[in-house]
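Participant: First the structure, which I've put down as structure tokens, then a few questions once you've had a look.
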Amino acid sequence: MNNLIKRLIPIACILIAWYLCSYFEVWSAYILPSPMQVWNTFVSMVQNGELFIHIFASLYRVLVGFSIAFVFAFFLGIIAGLKPALSPYYNHIVEFFRNVPPLSLIPLLILWVGIGEESKTIIIILASFFPMFLNIKKGFGSCDYKLLEVGKVLGLNPRQRFLKIILPSAVPDILLGMKVGLGYSWRAIIGAEMIAAASGLGYFILDAQTMSRSDKVIVGILVIGLLGVICDKIFSFFSKKFTRIGGIDNSWD
């Protein structure tokens, strides 16, 4: 209960400050609509289903792009982690593309694949791949060699050592990479939808700004933040269940 109160206090302070600013017209309603106006807009959009169309569009894109990125990051991370001698061949390339903002590639992707789903999927893949790849690589490359020696003494073959020693020790880093990658996916898709999309929360916010509907802009921002928190909590919940069942350390969270 105390933790809940501590979490609600700053939210209440923000709402009160927001209400007072709108009540005393510190800024015009055109710039800063009142909390009640934003709430009414939110309720109206929920009732007519408009908001859900954009939410599902963004969620679908994030799910597809994040899943593809994880598959590539997982298998490439295994190779990179278990074969550190290969690092000089790819490390400079990874560092180069890791520092290129994915959104800067949108003009080029539009020329190559158009403004369809492919360009947005590629943006999400590029945004979420590198944090997952680097953490997965670290997880598989930092297994305690003493445990591997014990496995050899016990007569475990390479496949058994991988499944029973290396993979479990890498799970915390894998989960950490997935958690960070999921957050990067959300950031990337919102930006991509603002530039090249006809649906989704990013498109919704930009369209509302074009129509001078600041109440809708705020609704979109709040929904994005809320969805991000919900996705993070769901991911953390199932990750803790998984690590608890497997007896794996979950200090990554």
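The values are calculated or read from the model by the stated rules, or taken from the named source; none is laboratory data. Bear in mind that the values here come from a model prediction, so they are computed numbers and not experimental data. Backbone-built Cβ (ideal geometry, glycine too); neighbour counts: all protein chains shown.
Okay, residues lined up against (1) hydrophobic (A, V, I, L, M, F, W, C); (2) in the same structural domain as MET45 (by TED's automatic domain parsing); (3) without any contact (Cβ under 8 Å) to a residue 60 or more places away in the chain:
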residue: ASN135; (1), (2), (3): no, yes, yes
residue: GLY139; (1), (2), (3): no, yes, no
residue: ASP144; (1), (2), (3): no, yes, yes
residue: GLU149; (1), (2), (3): no, yes, yes
residue: LEU176; (1), (2), (3): yes, yes, no
residue: GLY183; (1), (2), (3): no, yes, yes
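Participant: For ALA197, work out the one condition from (1) in a helix (DSSP H, G or I); (2) farther than 22 Å from PHE72 by Cα it doesn't fulfil.
Facilitator: Here ALA197 meets the rest and fails (1).
Participant: Would you mind finding the one in LEU51, LEU134, LEU59, LEU148 that is modelled with pLDDT under 90, in a helix (DSSP H, G or I) and surrounded by 15 or more Cβ atoms within 10 Å (Cβ to Cβ)? Steps first, please.
Facilitator: Values: LEU51 fails: modelled with pLDDT under 90; LEU134 fails: modelled with pLDDT under 90; LEU59 fails: modelled with pLDDT under 90.
Unique residue meeting the criteria: LEU148.
Participant: Still on this structure, please answer the following. Of the residues in the stretch 78-115, how many are farther than 18 Å from ILE190 by Cβ and either assigned to a helix (DSSP H, G or I) or modelled with pLDDT under 85 (or both)?
Facilitator: Residues of the stretch 78-115 that are farther than 18 Å from ILE190 by Cβ, as a first pass: 78-100, 108, 111-114.
Remaining after also requiring either assigned to a helix (DSSP H, G or I) or modelled with pLDDT under 85 (or both): 78-82, 84-98, 108, 111-114.
Count: 25.
Participant: Restricting attention to the stretch 197-209, report how many residues are surrounded by 20 or more Cβ atoms within 10 Å (Cβ to Cβ), in contact (Cβ under 8 Å) with a residue 24 or more places away in the chain and farther than 15 Å from LEU63 by Cα. Steps first, answer last, please.
Facilitator: Taking the stretch 197-209 first, the residues surrounded by 20 or more Cβ atoms within 10 Å (Cβ to Cβ) are 197, 200-205.
From what is left, the residues that are in contact (Cβ under 8 Å) with a residue 24 or more places away in the chain are 197, 200-204.
Applying the additional criterion that residues be farther than 15 Å from LEU63 by Cα yields 197, 202-204.
The number of residues fulfilling the criteria is 4.
Participant: Could you tell me how many of the residues in the stretch 12-42 are of a type in the set (Phe, Trp, Tyr), in contact (Cβ under 8 Å) with a residue 60 or more places away in the chain and surrounded by 11 or more Cβ atoms within 10 Å (Cβ to Cβ)? I'd like the intermediate steps shown before the answer.
Facilitator: The first filter runs over the stretch 12-42 and keeps only residues of a type in the set (Phe, Trp, Tyr), leaving 18-19, 23-24, 27, 30, 39, 42.
If we keep only those that are in contact (Cβ under 8 Å) with a residue 60 or more places away in the chain too, we end up with 30, 42.
Next cut, surrounded by 11 or more Cβ atoms within 10 Å (Cβ to Cβ) only: 42.
Adding up the residues that qualify gives 1.
Participant: Oh, and also: Sort through ILE68, ILE9 and tell me the only one that's among the hydrophobic types (A, V, I, L, M, F, W, C) and buried (at least 16 other Cβ atoms within 10 Å of the Cβ).
Facilitator: On the way: ILE9 fails: buried (at least 16 other Cβ atoms within 10 Å of the Cβ).
The unique qualifying residue is ILE68.
Per-residue answers, yes or no, for (1) closer than 21 Å to ALA208 by Cβ; (2) part of a helix (DSSP H, G or I); (3) of a type in the set (D, E, K, R); (4) at pLDDT below 90:
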| position | (1), (2), (3), (4) |
| --- | --- |
| ASN3 | no, yes, no, yes |
| ARG7 | no, yes, yes, yes |
| CYS21 | yes, yes, no, yes |
| ILE31 | yes, no, no, yes |
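Participant: Go through the residues of the stretch 157-170 one by one and say whether even a single one is over 30 Å from ALA198 (Cβ atoms) and outside any helix (DSSP H, G or I). Working first, answer last.
Facilitator: As a first pass, look at the stretch 157-170 and keep what is over 30 Å from ALA198 (Cβ atoms): 157-170.
Keeping just the survivors that are outside any helix (DSSP H, G or I) gives 157.
Scanning the stretch 157-170, I find at least one residue that is over 30 Å from ALA198 (Cβ atoms) and outside any helix (DSSP H, G or I), so the answer is yes.
Participant: Further question on the same structure: For PHE72, only one of the following conditions fails: (1) without any contact (Cβ under 8 Å) to a residue 24 or more places away in the chain; (2) assigned by TED's automatic domain parsing to the domain that holds MET178; (3) farther than 20 Å from VAL217 by Cβ. What is its number?
Facilitator: Unmet for PHE72, out of (1) without any contact (Cβ under 8 Å) to a residue 24 or more places away in the chain; (2) assigned by TED's automatic domain parsing to the domain that holds MET178; (3) farther than 20 Å from VAL217 by Cβ: (1).
Participant: Within the stretch 210-227, count every residue that is buried (at least 16 other Cβ atoms within 10 Å of the Cβ) and either among the aliphatic types (A, V, I, L, M) or part of a helix (DSSP H, G or I) (or both). Write out each step before concluding.
Facilitator: Step one: of the stretch 210-227, the residues buried (at least 16 other Cβ atoms within 10 Å of the Cβ) are 213-220, 223-224, 227.
With the extra rule that they be either among the aliphatic types (A, V, I, L, M) or part of a helix (DSSP H, G or I) (or both), the set shrinks to 214-220, 223-224, 227.
Residues meeting the conditions: 10.
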